[in-house]
Amino acid sequence: GGELAGFFQYYVTADHSVFMMEEIQFKEAYRESGLFGELYRFLIPKLPADIVSVEAYADKRNTKSLGVLGHLGLTVIGENKNGISYHLHGNFARLKEKYG
């Protein structure tokens, strides 16, 4: 309906090996609406075909975000420099399989 539902910030490394999910925010009214899946079904076909992995950072206190990232197959591999967020890593093929 023309309303801004949220935003998504990402990048792909220069060598196309990593899809980095930087920030995903949806307004309360759009959470659990299926918009996340629609976003990925739209985006994945437009990304380079040779991406190998997906990575993200999530605040350690944000259990909802950690749950979503876990559902996407990402696992904790470390922390950020200040120790506030987990660094997560997963296989991009799993994302393509689910949403591509």
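The values are calculated or read from the model by the stated rules, or taken from the named source; none is laboratory data. Keep in mind that this is a model prediction, so the values were computed, not measured. For neighbour counting, all protein chains shown are included, and Cβ atoms are generated from backbone atoms with ideal geometry for every residue, glycine included. Only protein heavy atoms, including side chains, enter the accessible area calculation; ligands, DNA and RNA are left aside. Shrake-Rupley method; radii C 1.70, N 1.55, O 1.52, S 1.80 Å.
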Cβ-Cβ below 8 Å, separation at least six or inter-chain, first residue in the range 1-21 and at pLDDT 95 or above, second of a type in the set (Asp, Glu) and outside any strand (DSSP E or B): which pairs? HIS16/ASP50; SER17/ASP50
Taking only the range 54-69 into account, find how many residues are over 11 Å from the mean Cα position of the chain (by Cα) and either small (Gly, Ala, Ser) or surrounded by 12 or more Cβ atoms within 10 Å (Cβ to Cβ) (or both). 4
If you take the residues in the range 43-53 that are open to solvent by less than 40 Å² (accessible area, probe 1.4 Å) and either touching an Asp or Glu at 6+ places or on another chain (Cβ under 6 Å) or of a type in the set (Val, Ile, Thr) (or both), which one is farthest from GLY90 (Cα to Cα)? ILE44
Going through the range 70-84 in order, the residues found to be outside any strand (DSSP E or B), closer than 22 Å to PHE19 by Cβ and either of a type in the set (A, V, I, L, M) or open to solvent by 100 Å² or more (accessible area, probe 1.4 Å) (or both) are HIS71, LEU72, LEU74, LYS81
